[in-house]
1. Evaluate E = 1/(1 + (r/R0)^6) for Phe57 and Asn79, where r is the Cβ-Cβ distance and R0 equals 41 Å; express this FRET efficiency to the nearest 0.05.
2. Carbon and sulfur together cover what percent of the accessible area of the range 12-75 at a 1.4 Å probe radius?
3. Taking amide H atoms as placed 1.01 Å from N in the peptide plane, list the residues 5 or more away in sequence, or in a different chain, whose amide H sits under 5 Å from that of Ala19.
Amino acid sequence: GGFSTESQRLRAQVNGNNATEIQGGTSVMTLTAPPGVGFAAIRVWSDEVQCLFDGLFQYDPPYVSQVMPSTIIFGDGSNEITIVGKNFGRITDGATAKVSASDGDSACAIT
């Protein structure tokens, strides 16, 4: 039993998108999941036998650990900020960030 070690006989999808770098053994399977958010359904085919694992996997949410600088004075040319953290996604996969700011009295819209 277990997962086939022949990669052409072992396939997997996460939320309907193909996983890559799939490796299988007698009781363990590893793969690289495509980008995503929240809970995910994993579908595995081994020797054309299909298994569905729904809600057993969850992507970690984005986490911001630091914003530099912490204060910007708009209009002085220093409008660039650096956001440090993890799980932001890849720009090549369409990841974006939205930043909101305040002038101390009211919110400023920034995208």
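1. 0.60
2. 56
3. Ala12, Gln13, Val14
The values are calculated or read from the model by the stated rules, or taken from the named source; none is laboratory data. In this text, all values refer to a predicted model and were calculated from it rather than measured experimentally. Note: ideal-geometry Cβ built from the backbone for every residue, glycine included; neighbour counts use all protein chains shown. With ligands, DNA and RNA removed, areas are computed over all heavy atoms of the protein, side chains included. Shrake-Rupley method; radii C 1.70, N 1.55, O 1.52, S 1.80 Å.
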